[in-house]
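Following: one structure in structure tokens, then a few remarks.
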Amino acid sequence: MGKITWFPGHMAKAFNALNRVIKGVDMVLEVRDARIPLSSSNPNLEGLLKGKRHIVVLNKVDLISNSSRQAALKRLQQQGLQALPASSSDPRSVKQLLRTAVGWIQRERAQSELSVMLLVGLPNSGKSSLINGLKMAARATGVLDAQQAYQKRAAVGPTPGLTRQVSGFQVAAQPPIYVLDTPGVMMPAIPSDEVGFRLALAGAIKDSVVGEEAIVRFLLSQISSNPRLAAALQAAQQPGYKPPGSNSSSSRSGYNVAARKRQEAKAKELRSALAAAASVGSASLSYGYSAGGLAHASAALGLQESLQHSLQESAQWHPGDDDAYDASDAQLDELLQQLGVAGQLNPSAQTGACIRLLQAFRAGELGQYILDDVE
Ligand SMILES: Nc1nc2c(ncn2[C@@H]2O[C@H](COP(=O)(O)OP(=O)(O)OP(=O)(O)O)[C@@H](O)[C@H]2O)c(=O)[nH]1
Ligand SMILES: [Mg+2]
């Protein structure tokens, strides 16, 4: 039984709504975050999807390396799943997804007057962004006219739990095909602390449930003990590293050059700080639960266990509540020192530094990390 639970009321409602609408849909696209292709599998959804045509969309592949992408797809295929890579911001991958989904519906549901695809997945996996991408792809390929494509957009944002209701968006005209955007649904119990932290680090669980500092401790412990993550950081420190999205047209336009340069300089600073902090005491850490970061951070999850449903969203664990100073404290201290916020009386400066680090991590500015071991 897992220790962490983040299943607020709107998720329970969403799950019931999924249960009701699932019978009427022709196809389900299960959107997973490519950084957690295994940890994001949700046994609740699996039960729901039995007997339904079902494709796993490995979204945010821009945040992982090509070799991780291949390995993740292979692993999902070995599990008997049909999986397609996508990135909401990459029109080519979204067009491919649209072609596959619409092609299947046109073949298999040729007689139906209206078809429905359902997008499901954990919070923050990019469902709403994908819907907007699908609409744009439908417009670009002439499947929708401009009016149909632009009349309604799905709300998108970095906070998990943004979409609160099921709503429909048209993505094809002949036959009319609608996709249903749904609120992200978490598994009611997370199987282990490690999975809980991976979900939190990827942004699927609200930060305040686990605590920003605890998530950063986990990241540090992983970089210092897992060669795959250490290598990802090293690769990002090479001079030619380009974070995802840095080739997009908006970032090439003159207006953004100065802002982009400042952002790159900040990201470089964060990467060096992360590397310096992760190297503190790394010799005494080994992969897995022996790492101080996990032990400390797990205390946060233990706290959550007793809080259960209602209080979780505002709960925060404070480091230093228990135990002696350990490797995880030393790493976090080093990080805060590197970022120039160590020893400040105002703890929110330190939390703020952790928040900035997590934002940069989630945007791919610190490197391309796959958190699950798919090799
Ligand atoms: N790098 C990258 N970021 C993405 C991608 N797709 C979505 N995002 C970002 O991920 C965050 C969540 O996106 P949403 O589309 O709101 O996710 P959602 O699954 O609808 O989230 P909920 O409504 O909370 O369940 C946003 O900050 C998006 O900009 C992608 O392919 N690559
Ligand atoms: Mg959404």
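Of the listed requirements (1) away from ligand 2 (no atom under 14 Å from the Cβ); (2) surrounded by 23 or more Cβ atoms within 10 Å (Cβ to Cβ); (3) not assigned by TED's automatic domain parsing to the domain that holds residue 39, residue 186 misses just one: (1).
Residues are listed down the side, and each one gets a yes or a no for (1) out of contact with any Gly (no Cβ under 8 Å at 6 or more places or on another chain); (2) of a type in the set (Ser, Thr, Tyr):
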residue	(1), (2)
191	no, no
199	yes, no
204	no, no
224	no, yes
236	no, no
242	yes, no
266	yes, no
271	no, no
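Remark: residue 93 matches the filter, which requires a residue to be within 20 Å of residue 134 (Cβ to Cβ) and in the same structural domain as residue 164 (by TED's automatic domain parsing).
Is one or more of the residues making up segment 130-137 near ligand 1 (Cβ under 8 Å from one of its atoms) and outside any helix (DSSP H, G or I)? Within segment 130-137, not a single residue is near ligand 1 (Cβ under 8 Å from one of its atoms) and outside any helix (DSSP H, G or I).
Would you mind listing the helices (runs of 4 or more DSSP H) fully within segment 146-224 where at least 2 residues are of a type in the set (A, V, I, L, M, F, W, C), under 20 Å from the mean Cα position of the chain (by Cα) and away from ligand 1 (no atom under 16 Å from the Cβ)? Don't jump to the end; show me each part of the working.
Values: elements: 146-150, 193-202, 207-210.
Hits in segment 146-224: 193-202.
Checked against the criteria, residue 67 does not count as modelled with pLDDT of 95 or more, crowded, with 20+ Cβ neighbours inside 10 Å and polar (S, T, N, Q). Taking segment 4-56 as the range and being more than 24 Å from residue 114 (Cα to Cα), out of contact with any helix residue (DSSP H, G or I) (no Cβ under 8 Å at 6 or more places or on another chain) and part of a strand (DSSP E or B) as the test, only 32 passes. Considering segment 103-141, and only residues there that are away from ligand 2 (no atom under 16 Å from the Cβ) and among the β-branched types (Val, Ile, Thr), the residue that is surrounded by the fewest Cβ atoms within 10 Å (Cβ to Cβ) turns out to be 141.
Looking only at residues of segment 150-160 that are near ligand 2 (Cβ under 9 Å from one of its atoms) and in contact with a helix residue (DSSP H, G or I) (Cβ under 7 Å, 6 or more places away or on another chain), we find that the one that is nearest to residue 180 (Cα to Cα) is 154.
As a summary of the residue check, residue 354 satisfies the conditions (1) within 15 Å of residue 224 (Cβ to Cβ); (2) part of a helix (DSSP H, G or I) except for the one numbered (1).
The values are calculated or read from the model by the stated rules, or taken from the named source; none is laboratory data. As the structure is a computational prediction, the values presented were derived from the model and not from experiment. Neighbour counts run over all protein chains shown; Cβ positions are idealised from the backbone, glycine included.
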